[in-house]
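Undergrad: Quick one: the structure is below, and I'll ask about it shortly.
Every number here is computed from the coordinates shown, using simple stated rules; none is lab data. Please read all numbers here as calculations on a predicted model, not as lab measurements. Please note: Cβ atoms are built from the backbone with ideal geometry, for glycine as well, and neighbour counts cover all protein chains shown.
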Amino acid sequence: MTGEATDWADSLKKHLDRASSARIYDYLLNPESPNNYAIDRAFAQAQLDALPDMQKAMRENRRFIGRAVEAALEHGITQFIDIGAGLPSQGQTHEVADRVAPEAGARVVYIDNELIAHAHSEILLGRNADPNRHKAVLADFYNHGDLWRKVLATEVIDPTQPSCLLMTAIVHFMPPEDRPDVPMGVYRDRLAPGSMLVLTHVPDDPTDEGLQAVARAYSNTANPAYLRTDEEFAEFFGGWPLLEPGLVWTGEWRPKTERSQEPWWDEDTDSTDGQPWWEGSPSRMLYRAGVALKP
Ligand SMILES: C[S@@+](CC[C@H](N)C(=O)[O-])C[C@H]1O[C@@H](n2cnc3c(N)ncnc32)[C@H](O)[C@@H]1O
């Protein structure tokens, strides 16, 4: 094998040796999805034993993304940069945008640093998307120069116009010692005025034993967890003003009476008898969400 092929094989092996957040999430969003592996499914099932709400919370996070994409379109934003996008198979940004505003011709670049997720993304986009408007890029959030270059090279994003930058369910994989604040600041600077930043995270709760057990378990995956307070999380917005209602649990961000119901989601993930599944305990949603606008 050439050096390059050996590097690729080593890298692939590393990605397949451990469960990955992209594929765990893909499995929990849709247990029928063919895009994950036995190691991911076994890990996900073990976490559900510790934290049974995890699956519903992930789906609620996905619903929030849909409403945030709609809010961006209402602000006239038609280009989306989705870092840590995972697998674009379950109610993803381009599907929501094309469904709620087909006339907008929204453009989306998905970015992930996980080889398998990226490879599946390319296949799925090849089947279900518009190759002129929807692209997948393999790049790492921390390598901001490389990532931004690759995003611009797709020619899908016009950096002089406002974009919506999504970074959902990813910052809780970024410990402060890795200095995620540095690339985050670079991306905020590069976005045109009027751009939108959409973030979610799982906040720390030392009293929640299930959550702590899951966070510990993730240390054996490709994506060890680091849970923050909301105050620490808010720093990712860099002082941009938050849209109403501010930083809240995902299901509380501009909820709709008619909740998006995807065919692959179990009925019990939706409201029952008019009551949402978290039954008066919004912290069961696990993810906090916020949307900010660049002045
Ligand atoms: C839990 S998934 C979230 C998927 C999607 N954003 C959502 O909220 O529905 C987290 C994703 O972030 C990706 N990721 C983690 N660290 C990353 C990094 N440094 N650069 C790019 N992607 C990263 C993982 O591979 C995974 O696909």
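Undergrad: State, as an integer percentage, the relative contact order of the stretch 89-173 based on alpha-carbon contacts under 8 Å between residues 6 or more apart.
TA: Numbers: 80 pairs, mean separation 22.1, N = 85.
After rounding, I find 26 percent.
Undergrad: With +1 on each Lys and Arg Cβ and -1 on each Asp and Glu Cβ, how big is the dipole of the chain about its Cα centre, in debye rounded to the nearest 20? Can you show the working numbers first?
TA: Working: 28 positive and 46 negative charges, 118 e Å.
So the dipole magnitude of the chain works out to roughly 560 debye.
Undergrad: Can I ask one more? Which one, Thr229, Val108, Val182, is farthest towards the positive end of the dipole of the chain when Lys and Arg carry +1 and Asp and Glu -1 on their Cβ?
TA: Positive-end residue among those listed: Val108.
Undergrad: Sticking with this structure for a sec: What net charge do the residues around Gly76 carry, taking every other residue with its C-beta under 14 Å from that of Gly76, with Lys and Arg at +1 and Asp and Glu at -1?
TA: Once all neighbours under 14 Å are counted, the net charge is -2.
Undergrad: Against the globular-protein guess of 2.2 N^0.38 Å, express the Cα radius of gyration of the chain as a ratio, rounded to two decimals.
TA: Working: Rg = 18.1 Å, N = 295, 2.2 N^0.38 = 19.1 Å.
Normalised Cα radius of gyration, the chain: 0.95.
Undergrad: Suppose the chain between Ala192 and Asp130 were pulled fully straight at 0.36 nm per residue; how much longer would it get relative to their current alpha carbon spacing?
TA: Working: separation 62, 0.36 × 62 = 22.32 nm, distance 2.47 nm.
So the extension gain works out to 19.9 nm.
Undergrad: If each of Gln275 and Ile123 carries a label point 7 Å out from its Cα toward its Cβ, how far apart are those two points in nm?
TA: For Gln275 paired with Ile123, the spin-label model returns 4.2 nm.
Undergrad: Ok, one more. Extension gain Leu152-Arg99, at 0.36 nm per residue separation less the Cα-Cα distance, in nm?
TA: Net length gain for the segment: 16.6 nm.
Undergrad: When the dipole is taken about the Cα centre of the stretch 161-209, and only Lys, Arg (+1) and Asp, Glu (-1) are charged at their Cβ, what size is it in debye, to the nearest 20?
TA: Numbers: 3 positive and 8 negative charges, 105 e Å.
That gives a dipole near 500 debye.
Undergrad: Related question: Once you order the gyration tensor axes a ≥ b ≥ c over the Cα atoms, which shape class does the stretch 125-255 get: rounded for a/c under 1.5, otherwise prolate or oblate by comparing a/b with b/c?
TA: Numbers: a/c = 1.73, a/b = 1.46, b/c = 1.19.
Judged from the Cα gyration tensor, the stretch 125-255 comes out prolate (a/c at least 1.5, a/b above b/c).
Undergrad: Along the charge dipole of the stretch 84-236, Cβ charges K/R +1 and D/E -1, which of Leu152, Ala139, Met196 sits furthest on the positive end?
TA: Leu152
Undergrad: Once both labels are modelled 7 Å past Cα along the beta-carbon direction, what's the Asp230-Leu48 spacing in nm?
TA: 3.0
Undergrad: I've got another one for you. Which length gain, in nm to one decimal place, applies between Arg216 and Arg254 when the Cα-Cα distance is subtracted from 0.36 nm times their residue separation? Could the numbers behind the result be given before it?
TA: Numbers: separation 38, 0.36 × 38 = 13.68 nm, distance 3.21 nm.
Additional length available on full extension: 10.5 nm.
Undergrad: Computed over the Cα atoms of the stretch 144-196, what is the ratio Rg over Rh, Rh following Kirkwood?
TA: Values: Rg = 12.0 Å, Rh = 12.2 Å.
Rounded to two decimals, Rg/Rh equals 0.98.
Undergrad: For each pair in Lys56/Lys294; Lys56/Lys256; Lys56/Lys150, compute the distance between the two Cα atoms and list the pairs where it is over 29 Å. Let's see the in-between values first.
TA: Details: Lys56/Lys294 31 Å; Lys56/Lys256 17 Å; Lys56/Lys150 34 Å.
Pairs exceeding 29 Å: Lys56/Lys294; Lys56/Lys150.
Undergrad: First check a/c for the stretch 111-168, with a ≥ b ≥ c the square roots of the eigenvalues of its C-alpha gyration tensor; if it is under 1.5, answer rounded, and if not, answer prolate when a/b is larger than b/c or oblate otherwise.
TA: On the way: a/c = 1.86, a/b = 1.17, b/c = 1.60.
Oblate, because a/c is 1.5 or more while a/b does not exceed b/c.
Undergrad: Okay, next question. What relative contact order, as a whole-number percentage, does the chain give when Cα pairs under 8 Å and 6 or more residues apart are counted?
TA: Values: 476 pairs, mean separation 59.3, N = 295.
After rounding, I find 20 percent.
Undergrad: For the stretch 47-139, what class follows from the C-alpha gyration tensor (a ≥ b ≥ c being the square roots of its eigenvalues): rounded when a/c is under 1.5, otherwise prolate if a/b is larger than b/c, else oblate? Please list the in-between numbers first.
TA: On the way: a/c = 2.21, a/b = 1.26, b/c = 1.75.
Verdict is oblate for the stretch 47-139.
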